[in-house]
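Novice: Structure incoming, see below.
Read-outs: derived from the displayed coordinates by stated rules, not from any lab. Just so it is clear, the model here is predicted, and its values are computed rather than measured. Please note: Cβ atoms are built from the backbone with ideal geometry, for glycine as well, and neighbour counts cover all protein chains shown.
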Amino acid sequence: MTAFRCTGKLLKSLKATVETDTPTPENRLGDWTANVVRYGRKPFVIAVAEHSRIALLLPAAPYATLTERFLEDLPYLLRYLHIPEPLIESEIAAMAPLHIAKSNSRSVLASINGYDQTMAHLLASGENWTTVGLMAFIAEDISKPNDYQPTGDVVRARFGLAPMIGPALREAAEQARSVFWQAANDDD
């Protein structure tokens with residue numbers, strides 16, 4: 001069981017019963033905090049995991065199915081980070097049912113606000129961003145609460161997996177280039 005902690009603005013739109021006594025999270029990523037934001041005229045929800053600061057972005061409407069859609073969309077983000085399927089299934093099972101609660105962490109809210117500003121800036125750049133592209137960008141974001149590690153690598157560490165984003169990804173790319181150039185030069 002995990003708390004889905006919402007800002008007052010999101011709670012008003014959800015029209016859900018707020019639980020004041022939430023259980024200790026039993027999942028690897030901890031509680032999630034969410035806020036409603038607008039890009040253009042469309043409302044979206046940014047949900048951020050407490051322990052990793054990874055962000056999930058999804059359309060806000062219809063609000064009545066938000067928590068179900070959140071649990072349905074989260075596996076896609078975890079697959080992007082190459083989390084093995086049995087671990088994803090275990091994480092989703094440990095999160096259910098989600099308990100709607102009030103947000104309680106200024107630090108996580110600061111992360112949400114930072115991501116909102118970043119996404120608004122990216123969308124204003126004129127490029128054609130998708131929600132998947134925006135989440136991938138955030139997964140590579142280096143954040144202070146994560147000891148300046150990419151959020152995607154922090155998620156992988158919470159699942160006991162090696163890093164693959166940021167420095168690890170650049171190192172792998174450099175090794176691949178080195179192998180390519182060595183093979184190209186060997187043919188001469």
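Novice: May I ask what percent, to the nearest 5, of DSSP beta bridges between residues of the stretch 2-163 are antiparallel? Display every interim value, and only then the final one.
Specialist: Values: 15 of 23 bridges.
Looking only at bridges with both residues in the stretch 2-163, the antiparallel portion is about 65 percent.
Novice: Explain nothing, just the number: relative contact order of the chain, from Cα pairs under 8 Å at least 6 residues apart, as a whole percent. Don't skip to the answer; put the middle values down first.
Specialist: Numbers: 262 pairs, mean separation 45.4, N = 188.
Here the relative contact order equals 24 percent.
Novice: Give or take rounding to whole Å, what are the principal axis extents of the alpha carbon atoms in the chain, in descending order?
Specialist: Principal-axis extents of the Cα atoms in the chain, largest first: 70, 39, 27 Å.
Novice: For the stretch 87-104, just list the computed ³J(HN,Hα) in residue order, Karplus coefficients 6.51, -1.76 and 1.60, θ = phi - 60°, integers in Hz, with x standing in for Gly and Pro.
Specialist: 6, 5, 4, 5, 5, 5, 4, 5, 7, 7, x, 6, 9, 6, 9, 7, 4, 9
Novice: Continuing with the same structure: Return the FRET efficiency for the residue pair T131, A157: r is the Cβ-Cβ distance, R0 is 35 Å, and the value is rounded to the nearest 0.05. Present the calculation step by step, with values, prior to reporting the outcome.
Specialist: Numbers: r = 25 Å, r/R0 = 0.70.
E between T131 and A157, to the nearest 0.05, is 0.90.
Novice: Roughly how tilted is helix 106-124, in degrees to the nearest 10 and between 0 and 90, from the longest Cα axis of the chain?
Specialist: Tilt relative to the chain: about 60 degrees.
Novice: Loop by DSSP (not H, G, I, E, B), at most 16 other beta-carbon atoms within 10 Å: where is the longest site-free stretch of the chain for chymotrypsin sites (Phe, Trp or Tyr not before Pro)? All intermediate terms of the calculation are to be shown ahead of the outcome.
Specialist: Values: sites that count: W129, Y148.
That would be 1-128.
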